[in-house]
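One structure is given below, encoded as structure tokens.
Derivation of every value follows stated rules applied to the coordinates shown; laboratory data play no part. Note that the structure is a prediction, hence the values are computed from the model and not measured. Ideal geometry is used to build each Cβ from the backbone, glycine not excepted, and the neighbour counts take in all protein chains shown.
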Ligand code: ATP
Ligand code: MG
Ligand code: MG
Ligand code: MG
């Protein structure tokens, strides 16, 4: 089943259950101080859950662009290293706003997975919330009783608050959840670990695919829970993970969602995918990050030096450094992937096709400007590391001769210099450090950063974006997100 058919089958299924299919909301959140980017399918519906916005359709389904690179849900460090966490991913979701509850949600989830997608029943596990005494939350035995109609009891596991009580952020709607995991291990792998319960990251081939949240509470600013005015269902299924399961792959990156980009990168740099772990990771990171970068730009956030814009710039620089160091790509390259993505998402997220040349231009320009300082920064970093008195275990990682010293940290002042003169976001320096088993003195870095901010408080230069609006190209109507109708203009920017 190709990925387009997987997505369509989901939406068709819930349409047949009287759900209104709505388009994805933009990734970028402009007016919520608790959230920078949409991190889950429910986030755009937050006000409906809270009872602030009216319910237009009691049942809704969609595929929502999500980004998990900041705040409560941040998966950036796993990306490319593991095979199923992305920065930007699609979350397939169905909702009940005060309409159906656990019984239907569970019944339909099971029907879709096993009747429509025909996933093998003996490869599925589910979890339910075990309760939490401190917060006075009872175990979700209702969900367990419903699941027992479909799946044997030994495949229903209790999970703790971390995994089975879903919260959007530090504040906002939340509730107990029931997750569905799929066991994609080979028979051999299963035999080796037989008898062991495997969910929630115990094995890379046992993967969480779908979360069914029963929204009943609101987490308030003071940390307490209050009951929402009504009970709702909020579900989220990882589209790329589902494609992996349905296409019989062991990695999301082996599906048709990522392979066109990975094969393009491999052919352009002359290194086959699958040859070596390091180059594979670099290709995966690039294929992943360009999606996050492209869709945040189309959805209204340009890379910049502050806030959400800096998150995007950091992701872009991270990708450029992987390409530069491991694939020997020394010229702007990522922008070439935008056209592939635009084709792939035609008819799904058309905004990329519509803004393709603009996105290419921004990405290329950003790559070019970072490539001007990257080589110098890497050299400085290497020189600095050679000057450190390192522990033997670190020396073996960088192939240096052993010198019985004891320093294992990159100094904060030095990390700040890399940030200030070479444009290295701190997490990039941390990544370079981690690759050779070192850490960065973050206290020192933050101190240097604060000092600089104080110095330049009067001159606001570092607190402003560096793309300025120079005009409007054309206007397109964003085909309304039902509750949040918005107009998107295609704007022309110039870098200053
Ligand atoms: P995990 O435990 O794997 O990190 P999660 O519990 O954080 O996932 P949820 O918040 O429950 O994820 O989101 C619902 C679904 O979205 C998950 O079941 C999973 O299929 C998918 N998902 C979550 N995070 C990612 C990600 N970073 N990349 C791809 N899919 C994801
Ligand atoms: Mg997670
Ligand atoms: Mg989880
Ligand atoms: Mg989950």
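Taking every alpha-carbon pair under 8 Å whose residues sit at least 6 apart, the chain reaches a relative contact order of 12 percent. The fraction of all Cα pairs in segment 318-382 landing in successive 5 Å bins from 0 to the largest distance is 3, 18, 23, 19, 14, 10, 6, 4, 2, 0, given as whole percents.
Using bins of 5 Å that start at zero, the share of Cα-Cα pairs per bin across segment 258-374 amounts to 2, 13, 24, 24, 20, 12, 5, 1, in whole %. Helix 356-387 axis versus longest C-alpha principal axis of the chain: approximately 60°, rounded to the nearest ten. Each stretch of four or more DSSP H residues adds -39500 (n - 2.57); spread over every residue of the chain, this sum gives -12000 deg cm²/dmol at 222 nm.
Mean projected area of the convex hull spanned by the Cα atoms of the chain, taken over all viewing directions: 25.3 nm².
In this simple spin-label approximation, residue 56 and residue 330 carry label points 7 Å from Cα along the Cα→Cβ vector, and these lie 5.4 nm apart. Taking Cα atoms only, the orientation of helix 442-455 departs from the longest principal axis of the chain by about 70 degrees. Measuring between their Cα centroids, segment 69-114 and segment 290-348 lie 24 Å from each other.
Measure out, as a whole number of angstrom, how far apart the alpha-carbon centroids of segment 432-451 and segment 23-54 sit. Segment 432-451 and segment 23-54 have Cα centres separated by 34 Å. Calculated FRET efficiency, residue 346 to residue 454, Cβ-Cβ distance, R0 = 51 Å: about 0.55 to the nearest 0.05. Model label sites at residue 47 and residue 191, defined 7 Å from Cα along the beta-carbon direction, differ in position by 5.9 nm. Give the angle, between 0 and 90 degrees and rounded to the nearest 10, that separates the Cα long axis of helix 412-422 from the longest principal axis of the Cα atoms of the chain. Between helix and principal axis, roughly 80 degrees. Extension gain, residue 442-residue 226: 0.36 nm per intervening residue step, less the Cα-Cα distance, totals 74.1 nm.
If you take the square roots of the eigenvalues of the alpha-carbon gyration tensor of segment 3-246 and sort them as a ≥ b ≥ c, do you get rounded (a/c under 1.5), prolate (a/b over b/c) or oblate? Rounded shape, in that the Cα axes give a/c under 1.5.
Between residue 104 and residue 420, the distance separating the two model label sites (each 7 Å from Cα on the Cα→Cβ line) works out to 6.0 nm.
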